[in-house]
1. For segment 135-287, what is the relative contact order in percent, using Cα pairs closer than 8 Å and at least 6 residues apart in sequence?
2. Which of these, 199, 148, 131, has the largest mean-square fluctuation under a Gaussian network model of the chain (Cα springs below 10 Å)?
3. Give the span of the chain's Cα atoms along each principal axis, as three whole-Å numbers ordered largest to smallest.
4. In the chain, what percentage of the DSSP-assigned beta bridges are antiparallel, given to the nearest 5?
5. With a/c under 1.5 counting as rounded, go ahead and sort segment 3-95 into rounded, prolate or oblate using the C-alpha gyration tensor (a ≥ b ≥ c being the square roots of the eigenvalues; past the cut-off, prolate if a/b is larger than b/c, else oblate).
6. If you take the beta carbon distance between residue 202 and residue 31 as r and set R0 to 41 Å, what does 1/(1 + (r/R0)^6) give as a FRET efficiency, to the nearest 0.05?
7. Apply the a/c threshold of 1.5 to the C-alpha gyration tensor of segment 70-134 and tell me whether it is rounded, prolate or oblate.
8. Just to be sure I understand the model, the point goes 7 Å from the Cα along the line to the Cβ. What's the resulting residue 289 to residue 53 distance in nm?
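A short reminder: the numbers here are calculations on the coordinates, not readings from a lab. Everything numeric here is computed off the predicted structure, so don't read it as measured data. All Cβ positions, glycine included, derive from the backbone under ideal geometry; neighbour counts span all protein chains shown.
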């Protein structure tokens, strides 16, 4: 192996990649993306110059996948995608020609299906036209201790903008308590919105739900307990990638809902969840929840 290529391209590339991962962990803005892009350029040039064999490609992709899976938060589905490509490289090397062609056809069918599912997700990844409703259901996400995660803060920012724009609407903040949480997601969201100046009577807490379906089911019950019906009377705020599935679940429970997209976070993290969402939508289509 050419040492000049290693020290000129691969070593700096891996160093920049490691630095980007560290900065991602500490939520440093912009700089990790610059370092990651520079790392990718150096590694690609180095690999092309080395003309690596199948084992080097598969091993490198697997190593990058392990780093993304276990050293970075919010990149798990990028990691699974890299492992899938690495597995295809190994399969191409060892499978007989006929089996490889069969596998290739199945992969192409799978990718076509993935694109089909994503078309529904992407088309709904925005706020619907005229979303004003009497009730806004805010879907929960992770809480670290008693502090909302970045994903949950984005959803709360979307809810805050909505409540300020439509002063007659009432929010239902929905989410129970998960691992590592010292308060329920509903309580954390309630406290955040109150701290931003939303009157307490406009924020109702649902604090038992452990899934999106339960978020909606239990929130619908709160609406009915107030003498109203959810059908045509609710908007749902969630992450952009999640809106299609959330609206489908509401429809399965007998209510048409408007979707309200939370502000986007880091693009690379959002794309990670767009990849994951294809599997969530498939589960919904098959099992209804």
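1. Working: 274 pairs, mean separation 37.7, N = 153.
Normalised by residue count, the contact order of segment 135-287 is 25 percent.
2. 199
3. Largest to smallest, the principal-axis extents are 73, 43, 34 Å.
4. On the way: 2 of 21 bridges.
Antiparallel bridges: around 10 percent, rounded to the nearest 5.
5. Numbers: a/c = 2.81, a/b = 1.24, b/c = 2.27.
Because a/c hits 1.5 or more and a/b fails to exceed b/c, segment 3-95 counts as oblate.
6. Details: r = 39 Å, r/R0 = 0.95.
That gives a FRET efficiency of 0.60.
7. Details: a/c = 7.08, a/b = 1.97, b/c = 3.60.
Oblate shape, in that a/c is at least 1.5 and b/c is the bigger or equal ratio.
8. 5.2 nm
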